[in-house]
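Visitor: Mind having a look at this structure? Questions to follow.
Every number in this text was worked out from the coordinates using simple rules, so none of it is lab data. Everything numeric here is computed off the predicted structure, so don't read it as measured data. When we count neighbours, we look across all protein chains shown, and the Cβ atoms used for this are built from the backbone with ideal geometry, even at glycine.
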Amino acid sequence: MELTNRILKIMENSGLTPSEFADKIEVQRSAISHITSGRNKPSLDFLIKIKQAFPEIDTDWLIFGIEKEEVPAEISSENQTISENPSSFPTLLDLFEPQQTNIPEQAETKHIKETQAVEKSREDENLPSTQVKEPIAVSSNLSSRKIVNTILLYNDGTFEEFVPSV
């Protein structure tokens, strides 16, 4: 059944004239005329307004013309499982393995790797590696720490120091 015919069937079953139907779904009366005559196709907004005014109407039937009994068994049983237990439906986060790591250890490892990379780049440029500080242990209380100094090291051996104003 065509979408226009389903809309006409809703009007017929509800006992509403096209004008009353337009008022009920809060659209202009001319919109009903244009859709029922085939001049225009209903927009998504139009279909949403029908669904809001008639919540008992099945959305799949309204949009696609699919009756409940027309749904293939494998799709129906899958949807039934999901609707019975929505938590069993995977979310985007479920697609990735959870990471159970210690944040301070990650930060320390990252700091060590960054320091090693700087040392390597200095070695590659024959610059003295004594200018690079050794990595320090990262405190486990990260939320109470504040940045007091930032140093940017460039591959030409120069650096910039930034001290935030407090």
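Visitor: Just add up the charged neighbours of LEU152: K/R +1, D/E -1, any other residue whose Cβ is under 13 Å from the Cβ of LEU152.
Guide: Values: positive: none; negative: GLU114, ASP156, GLU160, GLU161.
Counting the neighbours of LEU152, the net charge comes to -4.
Visitor: Any idea how far apart GLN52 and GLU114 come out in nm if each label point goes 7 Å out from Cα toward Cβ?
Guide: Label at GLN52, label at GLU114, 5.0 nm between them.
Visitor: Do any GluC sites (Glu not before Pro) in the stretch 3-69 lie in a loop, going by DSSP, with at most 10 other beta-carbon atoms within 10 Å of their beta carbon, and if so which? Before the final figure, lay out each step's value.
Guide: On the way: sites: GLU12, GLU20, GLU26, GLU56, GLU67, GLU69; in loops: GLU26, GLU56, GLU67.
Loop-located and lightly packed - GLU26, GLU56.
Visitor: Here is a follow-up. Could you compute the net charge surrounding MET11? Neighbours are other residues with a C-beta less than 14 Å from the C-beta of MET11; K and R count +1, D and E count -1.
Guide: After counting each charged neighbour, the total is +2.
Visitor: Counting other Cβ atoms within 10 Å of each Cβ, which trypsin sites (Lys or Arg not before Pro) in the stretch 6-69 have at most 10 and sit in a DSSP loop? Write out the running numbers ahead of the final one.
Guide: Values: sites: ARG6, LYS9, LYS24, ARG29, ARG39, LYS49, LYS51, LYS68; in loops: ARG39.
For trypsin sites (Lys or Arg not before Pro) across the stretch 6-69 that sit outside H, G, I, E and B with at most 10 neighbouring Cβ atoms in 10 Å, the list reads ARG39.
Visitor: Relative to the present Cα-Cα distance, how much length would full extension add between LYS9 and ARG29 at 0.36 nm per residue of separation? Please list the in-between numbers first.
Guide: Values: separation 20, 0.36 × 20 = 7.20 nm, distance 1.72 nm.
So the chain would gain 5.5 nm between LYS9 and ARG29.
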